[in-house]
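Report on the structure given below.
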Amino acid sequence: MKRILVVGGGLIGIRHIQAVKQHPGCHLVGLADPDMSIRVDATRFASMDDVQDDVDGVIIATPTHLHAAHGMAAAARGWHMLIEKPVAGTVAEAQALARALEQAQVRSLVGHHRRYHQVLQHLKAKIAEGVIGRVINVSLLWAMRKPDAYFEQNWRTSGGSPVMINLVHDIDVLRFVIGEISEIAALRGASLRGTDRIESGAVALAFENGATGTISFADTAPSPWGFEAGIGENPNIGTTHQDMMWITGTRGAISFPSLTLWQGKDWGTPSERVEFDKPAQSCVPLDAQLDHFLGVMDGAAPLIDVADAARTLAVATRIEEALAKQNAGLPVQA
């Protein structure tokens, strides 16, 4: 039985509390959050410093800019950790945390929960098997219209860029499925809500394995295309089951999440749709992530640790900086 402390009582923290309480292999030590008005069926602590109970692992679900400090504090106490994404507020903080974890011999997992979707793992496996040959390019689309209330009277009015809130997940998907990203270039779209906040744009990518790709994104455009809509993972986002990523290779192409596979020879012969076994989505990613975290505490290799997640954050940071430079009239190549 693993003794788990949750730190941070926001929306995702509450979901973690529920998952821990329902898991037969876990005991919930409690919730640490300075807002003592948060009511949960668990022991309350104002901070990690107040916790005197034995703890095997901690789930850190605090605001991103606090992740590194809270991770350092947990590492100092020898607590293995699951940290929500993005892993830290800056790349330097993420790298410093990774070094601290190594020195403390504390194991980590980062909450890029999309990696636990069986359909995404199946896509990664099929590409590795060579069903489309060598990967040539990938196109990814994320377009949603966030309600205006999402930005009213909070930090998102000026700082709610979809790059760090949303696109960081898609970047991690591309790293997971295609490979490491070596170069980026970005173009910024118009800001329509009366602020200078980044709202839309296009990103060109180069991968270390020679593939290239594009991401087109917007939080001002209602559409059926996006990971959450296609997978149906988020109860707050309408499900459409439409594809939002298309990958081509030397033997064919595949789209996601439908896993529609096409194979062909050359342009003189039409590509043919090929049927193959597809997984049933039989697990809730947060539950699968918690299962994995218990294994990581016992020495299993993490699906994504702090050092790995720092590389996802680094790509997202480069994109955000490139878009900000464009707004200032500076070159966008990064």
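The values are calculated or read from the model by the stated rules, or taken from the named source; none is laboratory data. Just so it is clear, the model here is predicted, and its values are computed rather than measured. Every residue, glycine among them, receives a Cβ derived from its backbone with ideal geometry; neighbour counts consider all protein chains shown. Surface accessibility is based on the protein's heavy atoms, side chains included, excluding ligands, DNA and RNA. Shrake-Rupley method; radii C 1.70, N 1.55, O 1.52, S 1.80 Å.
Here are a few things to note about the model shown:
- Stokes-Einstein translational diffusion, segment 243-326 - Kirkwood Rh over all Cα pairs, 1.567 mPa s, 4 °C, in µm²/s: 76
- Derived scalar couplings between HN and Hα for segment 183-199 equal 9, 9, 9, 9, 10, 9, x, 5, 8, 9, 9, x, 10, 9, 5, 5, 10 Hz in order, rounded to whole Hz, by the Karplus curve 6.51 cos²θ - 1.76 cosθ + 1.60 (θ = phi - 60°), x for Gly and Pro.
- DSSP-assigned coil residues among trypsin sites (Lys or Arg not before Pro) in segment 1-108, each with at most 15 further Cβ atoms within 10 Å: ARG39, ARG77
- Only Lys, Arg, Asp and Glu carry charge here, each on its Cβ (+1 for the first two, -1 for the last two); on that basis the chain has a dipole of about 420 debye about its Cα centre.
- Screening the chain for whole DSSP H helices of 15 Å or more along their axis (Cα) with average Kyte-Doolittle hydropathy at least 0.0 returns 11-22, 91-104, 285-297, 306-327.
- Pairs of C-alpha atoms in segment 1-139 farther apart than 20 Å represent 52 percent of all such pairs.
- Using every pair of distinct Cα positions in segment 98-142, the Kirkwood expression returns a hydrodynamic radius of 13.7 angstrom.
- Cα-derived Rg over Rh, computed across the chain with Rh taken as Kirkwood radius: 0.98
- Distance histogram in 10 Å bins (all Cα pairs of segment 182-326, percent per bin): 9, 24, 36, 25, 6, 0
- Pairs exceeding a 22 Å alpha-carbon distance, out of LYS126/LYS265; LYS124/LYS278; LYS126/LYS278; LYS21/LYS124: LYS21/LYS124.
- A dipole drawn for the chain from +1 and -1 charges on Cβ atoms has a positive end, and of ALA190, ALA19, CYS283 the residue lying farthest that way is ALA190.
- For VAL40, the solvent-accessible surface computed with a 1.4 Å probe is close to 40 Å², ligands and nucleic acids excluded.
- Among THR250, THR260, THR195, the residue with the largest mean-square fluctuation in a Gaussian network model of the chain, with springs joining Cα atoms closer than 10 Å, is THR195.
- DSSP bridge pairs, the chain: antiparallel proportion in percent, nearest 5: 55
- Segment 78-189 - Debye-derived log10 I(q)/I(0), Cα point model, q = 0.20, 0.22 Å⁻¹: -1.27, -1.33
- When the Gaussian network model of the chain links Cα atoms closer than 10 Å, the mean-square fluctuations of GLY299, GLY230, GLY194 top out at GLY194.
- Environment charge of ILE171, counting only residues whose C-beta is closer than 13 Å and scoring Lys/Arg +1, Asp/Glu -1: +1
- Whole-Hz Karplus values for segment 29-34 come out as 5, x, 10, 9, 7, x Hz, taken residue by residue from phi with 6.51 cos²θ - 1.76 cosθ + 1.60 and θ = phi - 60°; glycine and proline positions read x.
- Rel. contact order, % - alpha carbon contacts under 8 angstrom, at least six apart, the chain: 19
- CYS26 long-range amide H proximity, modeled H, under 5 Å: LYS2
- Loop sites by DSSP among the GluC sites (Glu not before Pro) of the chain, restricted to those with at most 11 other Cβ atoms within 10 angstrom, leave 1-151 as the longest stretch without any of them.
- Rounded accessible area of LYS325 (nearest 10 Å², 1.4 Å probe): 90
- The GNM of the chain, with springs linking C-alpha atoms under 10 angstrom apart, assigns the highest mean-square fluctuation among ALA149, ALA42, ALA76 to ALA149.
- Sequence of HIS113, HIS27 from largest to smallest accessible area, 1.4 Å probe: HIS27, HIS113
- The P(r) of segment 1-77 has a tail past 16 Å containing 43 percent of all C-alpha pairs.
- Here the 3J(HN,Hα) profile of segment 135-148, calculated from phi with Karplus coefficients 6.51, -1.76 and 1.60 at θ = phi - 60°, is 5, 9, 8, 9, 10, 10, 10, 10, 9, 9, 10, 6, x, 4 Hz, Gly and Pro shown as x.
- Accessible-area value, TYR116, 1.4 Å probe, nucleic acids and ligands omitted, Å²: 10
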